[in-house]
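Each remark here refers to the structure printed beneath this line.
Each value in this text was obtained by applying a stated rule to the coordinates, not by laboratory testing. Bear in mind the structure is a predicted one, so any value in this text is a computation, not a measurement. All Cβ positions, even for glycine, are placed from backbone atoms using ideal geometry, and neighbour counts span all protein chains on display.
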Amino acid sequence: MLKLYRNNIAEIGTPTAGETTSSSIAVTGSVRFYKEGTWGVAYKKHSASSWTHKASDSQDISETLTGLDASTKYDIKLYVKFNNEYQYGTAINKTTEAAPAENPGT
């Protein structure tokens, strides 16, 4: 287990959910970490137990989660991974939009 010292504890902000469609959610936020590591957005269906991690190239995170299910509530939080240990920020919830109605005339 990773021992947390002042120099390896990340500052992790709360994410902000932006534009949302039936299959995607735009997420922004920021983390501050002064060592080598990875960071990004963790998300899962509200009813699920395991998280999916989407890495970001920048600590000023702006990622779009894609391939999501319509009308589904997701938990979203930012993370930093260092020495194979995850540190997480505060989670938010966002529900994707309903799937577009099919056009019966086509």
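Tabulated values for the structure
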quantity: Region 6-95: proportion of alpha-carbon pairs further apart than 21 angstrom, %; calculated: 26
quantity: The chain, relative contact order [Cα under 8 Å, separation at least 6], %; calculated: 31
quantity: Proximal charge balance of Leu65 [Cβ under 15 Å; K/R count +1, D/E count -1]; calculated: +1
